[in-house]
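**Student:** Sharing a structure here in structure tokens format.
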Amino acid sequence: MFYAKSPKCNATKSLPNNYASAIFEDSSGDIWIGTHAGFVKYNKETQETERVIKDINISYSILEDINNKDVLWIATYQYGFFKYNKKTGKLKNYKHDKNNPNSIAHDFSLASMNDKLDHNIIWIAQQPGGLDKFDKKTEKFTHYKHNPKDDTSIASDIVWFIYQDSNGNIWFAPMGGLINLIKRQALLNIIRIFLEI
């Protein structure tokens, strides 16, 4: 069992860094861990770790592709959005490009979620990029951002969490003490719901 980076411990038995920001078990039973010093695979049978991607730091969300179990999607805080093929080792990075309106809104992501009804869509919560809808077929990002002059826009460009209910509606929590809802029928109109705590 490993718990932290240790100079006294075999490198395959410890994490490369003491800061873990995400953990995910894939359909094969492998454990994937996002640390501040790379992306790590943990084998439960051998209890060994392997730093498979050194370039990805501070990953906050790890998803397995619904259509292809060999693919992982990794949302990072600073380095954009990654597609990683476990079988081939191929890595693709989606980063913000100010000259491309269809690129990801920001390279700082806090959460991501597969769309349960449309398996070609991934939702990404960002800081301060708002909410992005990523189409895997077209590789284009649709942006939901705050507009102070529009009450139907999202309440803040800092979005912490995303959830999809059984009707396919998208619920998300932006900064500001309220919940926002995107109804499935439109996927355009934002409803702000104020919750008193």
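**Student:** Name the residues in segment 131-144 that are touching a Lys or Arg at 6+ places or on another chain (Cβ under 6 Å) and crowded, with 20+ Cβ neighbours inside 10 Å, would you?
**Tutor:** none
**Student:** Looking at the structure I just gave you, is I66 closer than 30 Å to S166 by Cβ and over 13 Å from the mean Cα position of the chain (by Cα)?
**Tutor:** So I66 fits the description; yes.
**Student:** Please specify each residue of segment 17-49 satisfying the condition of being small (G, A, S), at pLDDT below 90 and either buried (at least 19 other Cβ atoms within 10 Å of the Cβ) or at positive phi (or both).
**Tutor:** Hit for segment 17-49 is G38, nothing else.
**Student:** Considering segment 139-178 alone, what residues qualify as being in a strand (DSSP E or B) and within 15 Å of H96 (Cβ to Cβ)?
**Tutor:** K140, F141, T142, H143
Residue-by-condition table, conditions (1) surrounded by fewer than 15 Cβ atoms within 10 Å (Cβ to Cβ); (2) more than 27 Å from G29 (Cβ to Cβ); (3) not hydroxyl-bearing (S, T, Y):
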site	(1), (2), (3)
I66	no, no, yes
D97	yes, yes, yes
S109	no, no, no
D157	no, yes, yes
M175	yes, yes, yes
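**Student:** Then there's this: Which residues, taken from segment 140-181, are closer than 13 Å to A105 by Cβ and aliphatic (A, V, I, L, M)?
**Tutor:** I154, I158, V159
**Student:** I'm checking my understanding of the structure. Among residues of segment 134-159 that are modelled with pLDDT under 95 and charged (D, E, K, R), which one is nearest to T76 (Cα to Cα)?
**Tutor:** For segment 134-159, the residue satisfying everything is D157.
**Student:** Would you mind stating whether P128 is under 18 Å from the mean Cα position of the chain (by Cα) and buried (at least 18 other Cβ atoms within 10 Å of the Cβ)?
**Tutor:** So P128 fails the test.
The values are calculated or read from the model by the stated rules, or taken from the named source; none is laboratory data. As the structure is a prediction and not an experimental result, all values here were calculated from the model. Backbone-built Cβ (ideal geometry, glycine too); neighbour counts: all protein chains shown.
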